[in-house]
1. Placing +1 at every Lys and Arg Cβ and -1 at every Asp and Glu Cβ, with all other atoms neutral, what dipole size does segment 103-166 have around its Cα centre, in debye to the nearest 20?
2. Which FRET efficiency value, to the nearest 0.05, is calculated for VAL331 and ASP273 with the Förster distance at 60 angstrom and r the Cβ-Cβ distance?
3. So which of LYS423/LYS462; LYS428/LYS489; LYS404/LYS437 end up more than 32 Å apart by C-alpha?
4. In nanometres, what is the gap between the two model label sites at ALA479 and LYS461, each 7 Å from Cα along Cα-to-Cβ?
5. With θ set to phi - 60°, apply the Karplus curve 6.51 cos²θ - 1.76 cosθ + 1.60 along segment 256-269 and write out the HN-Hα couplings as whole Hz, x wherever there is a Gly or Pro.
6. Quick query: amide H of ARG513 versus all other amide H atoms, modeled in the peptide plane; which residues come in under 5 Å with a sequence gap of 5 or more or a different chain?
7. Give the residues of segment 249-277 whose amide nitrogen is closer than 13 Å to a point set 7 Å from the Cα of LEU322 in the direction of its Cβ.
8. Short version: ³J(HN,Hα) in whole Hz for each residue of segment 158-171, in order, from phi by Karplus 6.51 cos²θ - 1.76 cosθ + 1.60 (θ = phi - 60°), x for Gly and Pro, what are they?
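Only the coordinates and a few stated rules stand behind these numbers; no lab work does. Just so we're clear, the structure is a prediction, and the values are computed from it rather than from any experiment. Counting neighbours? That spans all protein chains shown, and the Cβs are built from the backbone with ideal geometry, glycine included.
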Amino acid sequence: MRRIDALVLLSALHQGKLVSAKDVPRGVGPEFARFFETKTSFACIGNPTITLSPSQINDNSCDCPDGSDEPGTAACAYLDALSPEQPLPGSLTGTTNTTNSLPGFWCANKGHIGSYVPFMYVNDGVCDYELCCDGSEEYAHVGGVKCENRCASIGKEWRRVEAERKQSKERSIKQKRSLESQAEGLRQGLEGKLVLLKKDLERLEANKEELQKKFEDVERAERGKIVKPAGQGGKLGILVGLAKTRVAELRTALDKVLDQRDDLQDRVDKLEDILRSLKEEYNPNFNDEGVKAAVKGWEDYAASNDGEKKSDVSDVDVMDALKEDSETSGVNWAEFEAGEESSDADIVYNLEAYLPTILRDYVHDKITLLRVWLIENGILADTPTGSGESRLVAAAREALDAAKSEVTTTTSTIEETEREIAKDYGPKAIFRALKDKCVSTDVGEYEYELCWMGQTTQKSKKGHGNTSMGSFVRIDHEAADEEERADGKGLGKGQRMVLRYENGQGCWNGPNRRTDVWLACAEKDELWRVSESEKCVYRMEIGTPAACEDVGEPGVYGKDEL
Ligand code: MAN
């Protein structure tokens, strides 16, 4: 198919405003009709001093240097700007530098759109229907070729396609407007959030100041009080202390009693030995009543001790009771000393522990403030913490720390929100509406993905993992110069937005991967093509409503219906 030159079509757009082409020589377009109105002579358009007789027009001989005397033949085709350069005999350069004043052979194409055909196509034996649907450029029927007028059907089809294109364009623009309003909504949302955050920050700063003062006051007041030693914090602490002392006293007393018992036992043993020898060694023939009574007493004593009574307390038990208390024997006092007194008040102190995790952070500072209030109003006992700091000081400190951290968090959220609002999201910040949405396409062994304002990724379909092709850095503009595609899925001609994605995964022995993402108008987001223009430098072509222009999209020429 021969090339449709934009200039040729463009000139046709103005036909309505120009002199009627009626009665002008063959091949003259409406905008040149006035040069051919005089019937007596013809002045070459580019060289008016050269005049010709009307019979020299279209006589198949190139008489004017600008070729204007041959609007309906191919005689001056070598001057035709639309034709390839021709060798010109006698020219120093070997080619002509002169251009034809006429853009080509005019086909009126009634029922469709008039257009110019390159002069070299005139009477060349080929019907050039895409430019000359009425077939008028083959009037000489060279080689018996006759080109029928197909303008009715071609015009009808063109109008159908054009109407479809127009409707698609309208839908794209509608989509684009919807994206713009979504983006605007998101921007307003961020602005609103910023206002609230700033108000919040003011409140938090004031709260922080107040709590700082309160903490300093409480600390000053508490500094004067005597802080009880650790481990004696409450009733249980005192009780443990007393019990430990008492047990130690009893253990010492028991030890002494045992010593006395052993001494007495020794003495008993000695006396028994004496009495035993007396019984065995006395002379019963001496009638000594005193000795007899002593021996009788011993015998009775010995008889009563025969079934020797066992003591209720064994020596092993007593020795065990005398052992120092430790972690493994007796009472583990350390356990009681370390433990703090538990009371109903602890429910208030430890209230957060009873709450679900998600509520804990939310209520933390409120509970802390509640504790301070309860302590200050005498509802909650102000018992010291394990570190010796009073509960009141600890709670005031905690409340202040919480307020400080809230100020820090809110300040950084404000900064982050301001950065987000100021970020370049393209015209009317339209890409804000697309942020984090992704499009992808399969090419060979990879799936390629673009996430708006995020990452471009090359995903192996053979399970070799994903490769970053870059992260979004900025929006540039570059000129595209491509022929229109029949399906409309192409960049066309004109300035296009190019999103730069850089600093992707390092290329083997090369730089980091990067992607240039070229955008063109389309009804919906679609990744049309991916190519690797040089190693690890990728180019994506994407259709999106975000790239549509409301009027006169560059590279596409509107055609008025006839
Ligand atoms: C992989 C892919 C290719 C790239 C080479 C570079 O195979 O990322 O696109 O060209 O690595 O080594």
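1. Values: 8 positive and 10 negative charges, 71 e Å.
In total the dipole reaches around 340 debye.
2. Values: r = 43 Å, r/R0 = 0.71.
Taking R0 as 60 Å, the efficiency between VAL331 and ASP273 is 0.90.
3. On the way: LYS423/LYS462 37 Å; LYS428/LYS489 24 Å; LYS404/LYS437 37 Å.
Check vs 32 Å cut-off fails for LYS423/LYS462; LYS404/LYS437.
4. 3.8
5. With coefficients 6.51, -1.76 and 1.60, one gets 5, 4, 4, 4, 4, 4, 4, 4, 4, 4, 4, 5, 4, 4 Hz.
6. Under 5 Å from the amide H of ARG513 lie the amide H atoms of GLY504, GLN505, GLY506, CYS507, each far enough along the sequence or on another chain.
7. Under 13 Å, as judged by backbone N against the label point of LEU322, lie 251-263 of segment 249-277.
8. My calculation for segment 158-171 gives 4, 5, 5, 4, 5, 5, 5, 4, 5, 5, 4, 4, 4, 5 Hz in order.
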